Amino acid sequence: MVRRTALALALLLLLLLLALSSPAGAQPRLRVDGIAALVGGAAPGRGVTTILRSDVELRARIALAGEAPDQPLPIGPLPGSLLRASLDEVIGEILIAREAERVRVALPAGARVARERARLAESAGGAERLRDLLRALGASPDEIETIARRRALVTTFLEANLEGTTVVTDAVVEQTYAAGGHPFEDQPLDQVLEQLRAYLARQAIDHAVGRWVTVLRERTPLRILTSFGEP
């Protein structure tokens, strides 16, 4: 037993010395990670979806990269408010994706996944900027692929369940325009009719999705393990 313990310690010491003596450029980039939330149970396991802190941070950095594409890559500290909003977004997507799997929604076609992949790149300020961001963070393109596939599944599910939600009649558009409180108040109705219609359809979809997420959160075990602090 003593000999085995000594051998194990010697091997551990050898590995440590090799790691310390390797050139900086030869060392793989490792991201220190932790669990941000668990969806579907109180502990990691079968049927439980784990959301890593890095998942949330990547989503937040993609958003920042797209908001200021002419600025340096957002690899510094992130505001707590953005991280909390990103966590909510990821949780919402996962809840709907889990429901889609539960009711056996058909897997999305490759073209739909490709569209979601393109949208992710666009939201980061372009495909090249997204690649640079992943490289700077030591993240894998597989992480983007996972998000794209999940979003494609969510989109497929929502289209099947929100049919008719996006139908906005001319009468509704005209009433909304007259009531005000929208981004097109200072423009003639005939010039912004379709833009206002799309705006109202987007609002209706967001509202319906919000209801779905609320219902799913109420009936799905959810454990938040990271507060992301203030502000």
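Tabulated data
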{"item": "Lone qualifier among A37, A60 - being hydrophobic (A, V, I, L, M, F, W, C), assigned to a strand (DSSP E or B) and crowded, with 19+ Cβ neighbours inside 10 Å", "result": "A37"}
{"item": "Where a residue in the range 196-207 is at negative phi and surrounded by 14 or more Cβ atoms within 10 Å (Cβ to Cβ) and its partner, wherever it lies, is hydroxyl-bearing (S, T, Y) and assigned to a helix (DSSP H, G or I), with Cβ under 7 Å and at least six apart", "result": "L196/T176; L196/Y177; L200/T176"}
{"item": "Every pair of residues 6+ apart whose Cβ atoms lie under 8 Å, when the first sits in the range 112-134 and is farther than 26 Å from E159 by Cβ while the second is of a type in the set (D, E, K, R) and part of a helix (DSSP H, G or I)", "result": "L133/R61; L134/E143"}
{"item": "Search result, residues across the range 171-192 that are of a type in the set (A, V, I, L, M) and crowded, with 16+ Cβ neighbours inside 10 Å", "result": "V173, V192"}
{"item": "Residue check for R61: charged (D, E, K, R), modelled with pLDDT under 65 and within 20 Å of I144 (Cα to Cα)", "result": "no"}
{"item": "Sole residue being free of Cβ contacts under 8 Å to residues at least 24 places away in the same chain and touching a Lys or Arg at 6+ places or on another chain (Cβ under 9 Å), chosen from L95, L78, L137, L73", "result": "L78"}
{"item": "Candidates A111, A148, A118 - the one that is more than 30 Å from I75 (Cβ to Cβ), out of contact with any His (no Cβ under 6 Å at 6 or more places or on another chain) and outside any loop (DSSP other than H, G, I, E, B)", "result": "A111"}
{"item": "Matching residues in the range 121-168 - criterion: being under 14 Å from the mean Cα position of the chain (by Cα), β-branched (V, I, T) and within 19 Å of L216 (Cα to Cα)", "result": "V154, T155"}
{"item": "Every residue from the range 98-134 that is surrounded by fewer than 17 Cβ atoms within 10 Å (Cβ to Cβ), charged (D, E, K, R) and under 15 Å from E145 (Cα atoms)", "result": "R115, R119, E122, R131"}
{"item": "The range 63-96: number of residues that are assigned to a loop (DSSP other than H, G, I, E, B) and exposed (fewer than 15 other Cβ atoms within 10 Å of the Cβ)", "result": "9"}
{"item": "Single unsatisfied condition, V209 versus (1) at pLDDT 90 or above; (2) under 16 Å from the mean Cα position of the chain (by Cα)", "result": "(1)"}
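Here is a yes/no grid of residues against (1) basic (K, R); (2) modelled with pLDDT of 90 or more; (3) touching a helix residue (DSSP H, G or I) at 6+ places or on another chain (Cβ under 7 Å):
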site	(1), (2), (3)
R119	yes, yes, no
R131	yes, yes, no
E143	no, yes, yes
R151	yes, yes, yes
V154	no, yes, yes
F157	no, yes, yes
A160	no, no, no
V172	no, yes, yes
P188	no, yes, no
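The values are calculated or read from the model by the stated rules, or taken from the named source; none is laboratory data. What you see is a predicted model, and the numbers here were worked out from it, not measured in a lab. Backbone-built Cβ (ideal geometry, glycine too); neighbour counts: all protein chains shown.
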